[in-house]
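Undergrad: Quick one: the structure is below, questions incoming.
Each value in this text was obtained by applying a stated rule to the coordinates, not by laboratory testing. Note that the structure is a prediction, hence the values are computed from the model and not measured. Ideal geometry is used to build each Cβ from the backbone, glycine not excepted, and the neighbour counts take in all protein chains shown.
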Amino acid sequence: MRNAEKVVNETFSKFQKKFGRGNDSLVDSYEVKDAETVLIVLGSTAGTLRRTVDVLRKKGQKVGLLRLKCFRPFPTEALRKELRNAKNILVFDRMSPGGAQYGALFLEISAIFGRAENSPVLKNAIYGLGGRETNFEDFAEVIERFEKLPEIPEWINLK
């Protein structure tokens, strides 16, 4: 695992050279530079959240998005750099590990900040359980309620 990030970055770089798209980072950033609230997600849900960011930005909300391209190796340093100015972080998890109170991605993001006093406010939302579809309106509604979200995860479209 100590060498994994280097190998993954080299592989991403080779892909970029061969196909002319992508980058050599473990994290894709969208509208994060001036964002007060940063959304974090894994995988293809980033496309829906990118649209959500666009809609919310048109309403004047400073929202950005980080997409992790892989969970391991976990890109701690890249995330620290991207999140250095964030006031709020909302982590979207697609699953809740058995017995855990929070989603796996949220637990890893929380570990980056430890118990530092100047840490951003961290919230967790879990979506898509049981194959339930989650659209950009569902995400936007949760993001707009960020300050009112509970300390425990918000479950989106859970019945």
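Undergrad: How much length would be gained if the chain were fully extended between residue 2 and residue 25, taking 0.36 nm per residue of separation minus their Cα-Cα distance, in nm to one decimal?
TA: Additional length available on full extension: 6.7 nm.
Undergrad: Extent of the stretch 92-132 along each principal axis, from alpha carbon coordinates, in Å, largest to smallest?
TA: 37, 17, 12
Undergrad: No solvent, one uniform scatterer per C-alpha: report log10 I(q)/I(0) for the chain via the Debye equation at q = 0.08, 0.18, 0.21 1/Å, two decimals.
TA: With one equal scatterer per Cα and no solvent, log10 I(q)/I(0) is -0.23, -1.16, -1.48.
Undergrad: Just list whichever of 6/81; 18/81; 6/123 have alpha carbons separated by over 20 Å in the model shown.
TA: Pairs exceeding 20 Å: 18/81; 6/123.
Undergrad: Also: Straight-line reach only, C-alpha to C-alpha below 18 angstrom: list the aspartates and glutamates that residue 58 could link to, leaving out same-chain residues fewer than 8 apart.
TA: 31, 34, 36, 137, 138, 141, 144
Undergrad: What is the set of long-range amide H partners of residue 155 at a cut-off below 5 Å, with H atoms built 1.01 Å from backbone N?
TA: Residues meeting the amide H criterion: 126.
Undergrad: Still on this model: Which ³J(HN,Hα) values in Hz, rounded to whole numbers, follow from the phi angles of the stretch 79-88 under the Karplus curve 6.51 cos²θ - 1.76 cosθ + 1.60, where θ = phi - 60° and Gly and Pro get x?
TA: 5, 4, 5, 5, 9, 4, 9, 6, 8, 10
Undergrad: Over every pair of different alpha-carbon atoms in the stretch 20-99, take the mean of 1/r and invert it; report that Kirkwood radius in Å.
TA: 13.2
Undergrad: If you count, for each residue, the other Cβ atoms within 10 Å and average over each peptide, how do 106-113, 18-25, 6-13 line up from highest to lowest?
TA: 106-113, 6-13, 18-25
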